[in-house]
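The values are calculated or read from the model by the stated rules, or taken from the named source; none is laboratory data. Values in this document were obtained by computation on a predicted structure and should not be read as measured data. Quick reminder, even Gly has a Cβ in these numbers, built from the backbone with ideal geometry, and neighbours come from all protein chains shown.
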Amino acid sequence: DTGVSQDPRHKITKRGQNVTFRCDPISEHNRLYWYRQTLGQGPEFLTYFQNEAQLEKSRLLSDRFSAERPKGSFSTLEIQRTEQGDSAMYLCASSLDVGGNTIYFGEGSWLTVV
Amino acid sequence: DAKTTQPPSMDCAEGRAANLPCNHSTISGNEYVYWYRQIHSQGPQYIIHGLKNNETNEMASLIITEDRKSSTLILPHATLRDTAVYYCIVRVAHSGNTPLVFGKGTRLSVIA
C-alpha cells in the first residue's frame with residue numbers, strides 16, 4: 001500500500017498564473033475526492049469522481065477550477081488565473097466502493113499565490 | 001455543515017488516556033461515526049469508525065452511547081506524537097457521494 005500520492009507538495013505562483021496538481025490514488029480505489037483546506041479550518045469538499053466520471057462538485061469549485069480523471073486512475077486539479085484567495089492546501093483522497101468505503105487522504109499540495 | 005460538536009481544545013498528559021468527546025444528536029440510523037486526525041501540515045489520517053457497537057483497533061477505541069447521540073474516542077496511552085487536530089464526522093458509510101464533512105475538530109495537546 002503506497003498510499004495516496006500528491007504532486008507537487010508545494011507550489012508558489014504569481015497571481016494570474018495557472019497551476020496544476022496531480023493525485024495518484026491508492027491502487028484499485030475507484031473513488032477519488034478533492035478537498036481544500038485553509039489555515040485554521042477543516043478540509044472542505046470540492047469534487048468527487050467514481051472511476052472517470054465526475055459525479056459531484058461543490059459550489060466552492062468556481063469556473064476557474066477544473067478537475068479530471070481521464071482513465072479512472074490519476075487525477076489532476078487545475079486552477080486557472082490564480083487569485084490570492086486560492087492559497088490553501090489541496091488534498092486528494094481515495095476510497096473503494098465496497099466494505100466500509102473508508103476514505104484515505106494524501107499529504108496535500110500547498111499552494112501559495114503571491 | 002458539520003453535524004457534530006466537539007470541544008475546540010484539550011490537553012492530556014503523556015502516558016495517560018486521552019478521551020475526546022463528540023456530540024452528534026441528529027445522527028441518522030444509517031450514519032456511521034468516523035474519526036480522523038490531522039497532524040500539523042499533513043493530510044488527515046483515518047483512525048476508526050463505528051455504527052453502534054464499540055470498536056477498537058491498534059490506534060484507538062471508539063465508544064458510542066446506546067442512543068448514538070454522542071461518542072468518545074479513546075487514545076489509551078497518549079504520546080507526544082498524538083498531538084493533532086481530531087475530527088469526528090458522521091457519514092453514510094457505503095455511499096461514495098456523501099463526502100466527509102469536516103468541522104473544526106478538537107486540538108489535542110499531549111504534554112510531557
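The residue that is farthest from the other protein chains (Cβ to nearest Cβ), among those in the range B:39-65 that are surrounded by 14 or more Cβ atoms within 10 Å (Cβ to Cβ) and among the hydrophobic types (A, V, I, L, M, F, W, C), is B:I63. Of A:F45, A:F65, all but one fail to be surrounded by 12 or more Cβ atoms within 10 Å (Cβ to Cβ) and within 12 Å of another protein chain (Cβ to nearest Cβ); the exception is A:F45. Take the conditions within 14 Å of chain B (Cβ to nearest Cβ) and out of contact with any Lys or Arg (no Cβ under 6 Å at 6 or more places or on another chain) and apply them to A:A88. Does it pass? Judged against the criteria, A:A88 is not a match.
To keep it simple, each residue is scored yes or no on (1) more than 23 Å from B:Y46 (Cβ to Cβ); (2) of a type in the set (D, E, K, R).
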{"position": "A:C23", "(1), (2)": "no, no"}
{"position": "A:E28", "(1), (2)": "no, yes"}
{"position": "A:W34", "(1), (2)": "no, no"}
{"position": "A:E44", "(1), (2)": "no, yes"}
{"position": "A:K57", "(1), (2)": "yes, yes"}
{"position": "A:I79", "(1), (2)": "yes, no"}
{"position": "A:Q84", "(1), (2)": "yes, no"}
{"position": "A:M89", "(1), (2)": "no, no"}
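Picking from residues in the range B:12-27 that are over 12 Å from the mean Cα position of the chain (by Cα) and surrounded by 12 or more Cβ atoms within 10 Å (Cβ to Cβ), the one that is nearest to A:F45 (Cα to Cα) is B:I27.
Only one of the numbered conditions (1) of a type outside the set (K, R); (2) buried (at least 22 other Cβ atoms within 10 Å of the Cβ); (3) under 10 Å from the mean Cα position of the chain (by Cα); (4) within 13 Å of chain B (Cβ to nearest Cβ) is not met by A:I103, and that is (3). Cβ separations smaller than 7 Å between residues 6+ apart or across chains give the following pairs from the range B:35-59 residues that are part of a strand (DSSP E or B) to residues that are exposed (fewer than 13 other Cβ atoms within 10 Å of the Cβ): B:I48/B:N57.
In this structure, B:Y36 does satisfy being closer than 30 Å to A:C23 by Cα, at pLDDT 95 or above and either touching a strand residue (DSSP E or B) at 6+ places or on another chain (Cβ under 8 Å) or within 14 Å of chain A (Cβ to nearest Cβ) (or both). Restricting B:T65, B:T72 to residues that are out of contact with any Gly (no Cβ under 8 Å at 6 or more places or on another chain) and either closer than 27 Å to A:Y35 by Cα or modelled with pLDDT under 95 (or both) narrows the list to B:T72.
Only one residue in A:R81, A:R15, A:R59, A:R69 is charged (D, E, K, R) and at positive phi. Which one? Among A:R81, A:R15, A:R59, A:R69, only A:R81 is charged (D, E, K, R) and at positive phi. Of the residues making up the range B:66-103, those that are touching a strand residue (DSSP E or B) at 6+ places or on another chain (Cβ under 8 Å), within 13 Å of chain A (Cβ to nearest Cβ) and in a loop (DSSP other than H, G, I, E, B) are B:A93, B:G96, B:N97, B:T98, B:P99, B:L100, B:V101, B:F102, B:G103.
Among the residues making up the range A:70-100, those that are buried (at least 19 other Cβ atoms within 10 Å of the Cβ), under 11 Å from the mean Cα position of the chain (by Cα) and not hydrophobic (A, V, I, L, M, F, W, C) are A:S75, A:Y90, A:S94. Within the range A:22-45, the only residue that satisfies the criterion of being assigned to a strand (DSSP E or B) and of a type in the set (A, V, I, L, M) is A:L32.
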